[in-house]
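See below for the structure under consideration.
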Amino acid sequence: MNIATDSFWWYVTLEGRPGSEEILASLAEMSGSIGSEEMSKEASRLLRAYFRSSQDLGFWLERLGGALEPWPEVRIADMGKIENRQWHTEWKEAFPPLAVGEGLVVLAPWHRGSEPEGRLPLYIYPGSAFGTGYHESTQIVLTLLERSPVLGTRVADIGSGSGILAIAALKLGASHVLARDHDPAVISEIKHNLGLNEISLDEVDLDEGNLLDGLKEEVDLLMANIVIEPLLEMLPSVPVLLKKEGRAIFSGLLAKERARFSTAIGGAGLRVVDELVIGDWWGVSVEAK
């Protein structure tokens, strides 16, 4: 549905402690918000997140509920709908070009032509799928990917969302990517973003599936930007899918979850080769021991 012509939008107001502004903004983006704004309240911080009316409010509350689990100090203060707000200019201003890592830049398609010199552009339409590039966990994967051997590799992008990681891998020289997500609704968004980046569907296998279930073909590089529980579930199967000297990149992890996940990495027969923290988020690159 075109955001500019929606008759109304759902909103959910999140409340957190002073200093939690970045957390609230991250939670809104992770759940699929099309825009948000900070609001003032004595002794706490509020952020009103807006969602498309193409899904019912219960759908967005369920997505928010999953994102909120690691943050018991954040609560939903209120919710409702707002009629016919003119987002067609406001929401676009929320997605300026974003430099990531040493040589990447994420751009919404309306910023084409304003690419910073020397940076590789990733054109992503901000839709309902996770992965616009503006969340710290996505920036972590892109940076670790940029620091990894990618040229000529076969790559698996698990929980592909918008397809931004698959697109980045191909632009950095990967020969082929499997882009898998459990949500069939995101496949059209991935195709749209591939088209924006002039990437042929011949270079990508689009697949609906849960984590690594049923995957048998070995890959040189595996990426997963999800959250800790599904990452822990898939971790024991990762060494089987990696080719010799293959690498896996995991993100969607809070910095406070580093110790727990690092223990699981060792238990799965993998070792850390690179890691990165941005804000409250942590990501890691691993290889088989």
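The values are calculated or read from the model by the stated rules, or taken from the named source; none is laboratory data. These figures come from a predicted structure and were not determined experimentally. Cβ sites come from the backbone with ideal geometry, for glycine too, and all protein chains shown count toward neighbours.
Of note:
- Residue within region 121-128 that is part of a loop (DSSP other than H, G, I, E, B), surrounded by fewer than 24 Cβ atoms within 10 Å (Cβ to Cβ) and either in contact with a Gly (Cβ under 8 Å, 6 or more places away or on another chain) or free of Cβ contacts under 8 Å to residues at least 12 places away in the same chain (or both) present: yes
- Annotation: N193 fulfils all but one of (1) within 16 Å of the chain's Cα centre (by Cα); (2) in a loop (DSSP other than H, G, I, E, B); the unmet one is (2).
- Sole exception among (1) among the polar types (S, T, N, Q); (2) over 11 Å from the mean Cα position of the chain (by Cα); (3) closer than 21 Å to E22 by Cβ for Q139, by number: (2)
- Filter result for the condition that a residue is crowded, with 18+ Cβ neighbours inside 10 Å, more than 20 Å from the chain's Cα centre (by Cα) and of a type in the set (V, I, T), over V177, V219: V219
- Within region 222-240, the set of residues being of a type in the set (V, I, T) and within 18 Å of P70 (Cβ to Cβ) comprises I226, V227, I228.
- Tally of residues being basic (K, R) and farther than 14 Å from Y11 by Cβ across region 40-60: 2
- Region 249-274 - residue that is in contact with an Asp or Glu (Cβ under 8 Å, 6 or more places away or on another chain) and within 25 Å of A174 (Cα to Cα) and, of those, surrounded by the fewest Cβ atoms within 10 Å (Cβ to Cβ): R271
Let's see how each residue does on (1) without any contact (Cβ under 8 Å) to a residue 12 or more places away in the chain; (2) over 27 Å from E208 (Cβ atoms); (3) hydroxyl-bearing (S, T, Y):
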site	(1), (2), (3)
A108	no, no, no
S114	no, yes, yes
R147	no, yes, no
V150	no, no, no
I158	no, no, no
L165	no, no, no
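- Residue that is on the phi > 0 side of the Ramachandran plot and in the same structural domain as G252 (by TED's automatic domain parsing), where the choices are G163, G195: G163
- In the condition set (1) at pLDDT below 90; (2) in contact with a Pro (Cβ under 6 Å, 6 or more places away or on another chain), G269 is compliant with all but (1).
- In region 23-61, residue farthest from P72 (Cα to Cα) [restricted to those that are acidic (D, E) and out of contact with any helix residue (DSSP H, G or I) (no Cβ under 8 Å at 6 or more places or on another chain)]: D56
- The residues on offer are L201, L211, and the sole one that is more than 15 Å from G133 (Cβ to Cβ), surrounded by fewer than 15 Cβ atoms within 10 Å (Cβ to Cβ) and assigned by TED's automatic domain parsing to the domain that holds E115 is L201.
- Of all residues making up region 222-248, the number that are surrounded by fewer than 17 Cβ atoms within 10 Å (Cβ to Cβ) and assigned to a strand (DSSP E or B): 3
- The set of residues in region 137-162 that are over 18 Å from V100 (Cα atoms) and aliphatic (A, V, I, L, M) comprises L151, V155, A156, I158.
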